[in-house]
Amino acid sequence: MTDAVKYSELGLVNTKGMFMKAMADRYAVPAYNFNNMEQLQAIVTGCSESRSPVILQCSGSALRYMNSRLLACMVKGAVEMMEDLGGSVPTALHLDHGDSFELCRSCMDSGFSSVMIDGSHRSFEENINITKRVVDYAHEHDVTVEGELGVLSGVEDEVSSEVSHYTKPSEVEEFVGRTSVDSLAISIGTSHGAYKFKLKPGEQPPSLRFDILEEIESRIPGFPIVLHGASSVMPEYVAMINRFGGKMEEAVGIPEEQLRRAAESAVCKINIDSDGRLAMTATIRKVFAEKPGEFDPRKYLGPAREELIRMIKYKNEHVLGSAGRV
Ligand code: G3H
Ligand code: 13P
Ligand code: ZN
């Protein structure tokens, strides 16, 4: 491959060292999804200023939206930009919910330092086979791989599932042993998107299945676990969206204290996409409501970016525990 881009040329690292440190010091590394320049700027600014390692996370559809060549240049620039902020922090570029060997390979060839192969909708044997195929290629290039066992409810990047199928602890040793995967995403009651639970008035979200997490930890001690669907769907942003013309009344997420408890366990990576979307959308709606004549994108994307920086610093410090670890 003549024009392959090695991730180290972009200033990136894989997730191995990050997860070892997170496991030892009992916090989780944030994986923030992004689709555009302002989100990328906000993530590196928030993580540099809070001295947190960071995983820049990009789905297949985000990759198609951005273009992989442009993405590699933007990420290289974002890593360099950190020098002008609080200083650089360990940064990985990770493919979220890769659904084929070919997509994973093309990401590794274009500068990703980590990929997820999501075989969770396949049979156990097929999941092992495709995960192992990705791992074999990845490890030749020093790229780390996340696999998944168990299915989350909601949307997993164009794959829909009505119900949550919790991870079966009895399967994890064989899956990890046969695939040599570097981390494992599990299903313990989280789900993707902004509508994670259907609650009656006054009802609290149900607890995550920490009993399943603990059994998994005891079967594969010291192995990095990943939580998807881990936005708390921050009520202040939902309220702002509804106040300024939006309609997201029933949006609800994972309570922060449950995420804090998970971050202190073997959960080394927590995925956050929806909260970032909400922060930006709430801010943009506010600007448009208060200044209906505004049409300069910098005047609404700029404040949205500022709000996202605030949110990221808050999460790193108060939810994931990753602030101040660099
Ligand atoms: O888990 C899915 C992520 O939130 C990515 O969503 O495919 O809309 O970029 P997306
Ligand atoms: P949220 O929708 O809860 O932010 O989850 C994002 C995610 O898991 C990305 O893979
Ligand atoms: Zn996910």
Per 10 angstrom bin, beginning at 0 and ending with the bin that holds the maximum distance, the Cα pairs of the chain fall in percents of 6, 27, 37, 23, 6, 1
Estimated 222 nm signal from helices in the chain, with DSSP H stretches of n ≥ 4 weighted -39500 (n - 2.57), rounded to 500
-13500 deg cm²/dmol
Dimensionless Rg ratio for region 1-154, taking C-alpha atoms and the 2.2 N^0.38 Å reference
1.02
Net charge around SER218, counting only other residues with Cβ within less than 13 Å of its Cβ (Lys, Arg = +1; Asp, Glu = -1)?
-4
Between region 110-155 and region 94-109, what's the alpha-carbon centroid distance in Å?
9
Can you tell me which lysines have their Cα less than 30 Å from the Cα of LYS200? Leave out same-chain residues fewer than eight positions away.
LYS168, LYS247, LYS286, LYS315
Of all chymotrypsin sites (Phe, Trp or Tyr not before Pro) in region 219-326, which ones are in loop regions per DSSP and have a Cβ with at most 13 other Cβ atoms within 10 Å?
PHE295
Suppose each label sits 7 Å from its Cα in the direction of the beta carbon; what would the LYS200-GLU257 distance come out to in nanometres?
2.2
Candidates per GluC sites (Glu not before Pro) in region 285-326, loop by DSSP, up to 16 other Cβ within 10 Å
GLU294
7 Å from Cα along Cα→Cβ at both SER207 and LYS168: what's the point-to-point distance in nm?
2.5
Interchain or sequence-distant (5+) residues whose placed amide H lies within less than 5 Å of the amide H of SER59 are PHE34, ASP96
Show me the GluC sites (Glu not before Pro) within region 200-263 that DSSP assigns to loop and that have at most 16 other Cβ atoms within 10 Å of their Cβ.
GLU203, GLU249, GLU250
Using 0.36 nm per residue, how much length does the chain from ASP142 to LYS6 gain when fully extended, once their Cα-Cα distance is taken away?
48.0 nm
Please say if region 243-293 is rounded, prolate or oblate, where rounded means a/c under 1.5 for a ≥ b ≥ c the square roots of the C-alpha gyration tensor eigenvalues, and otherwise the choice is prolate for a/b larger than b/c and oblate otherwise?
prolate
Pull up all non-local amide H partners of LYS269: gap of 5 or more, or a different chain, and H-to-H distance under 5 Å with H placed in the peptide plane.
VAL29, ILE225, LEU227
Taking the square root of 5λ for each eigenvalue of the C-alpha gyration tensor of region 1-49, the equivalent ellipsoid has semi-axes, largest first and in whole angstrom, of 23, 19, 9
Taking the alpha-carbon centroid of each part, what is the distance from region 251-290 to region 204-238 in angstrom?
14
Could you give the spread of the C-alpha atoms of region 155-288 along their three principal axes, from largest to smallest, in whole angstroms?
53, 29, 29
What is the set of long-range amide H partners of GLY193 at a cut-off below 5 Å, with H atoms built 1.01 Å from backbone N?
SER274
Could you pull out the longest piece of the chain with no exposed loop trypsin sites (Lys or Arg not before Pro) in it, calling a site exposed if DSSP puts it outside H, G, I, E, B and it has at most 10 other Cβ atoms within 10 Å?
1-197
Pick out which of PRO292, PRO221, PRO90 has the largest mean-square fluctuation in a Gaussian network model of the chain, springs linking Cα atoms closer than 10 Å.
PRO292
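Only the coordinates and a few stated rules stand behind these numbers; no lab work does. This one's a predicted model, so the numbers in the text were calculated from it and none came from an experiment. Every residue, glycine as well, gets a Cβ built from its backbone with ideal geometry; the counts of neighbours run over all protein chains shown.
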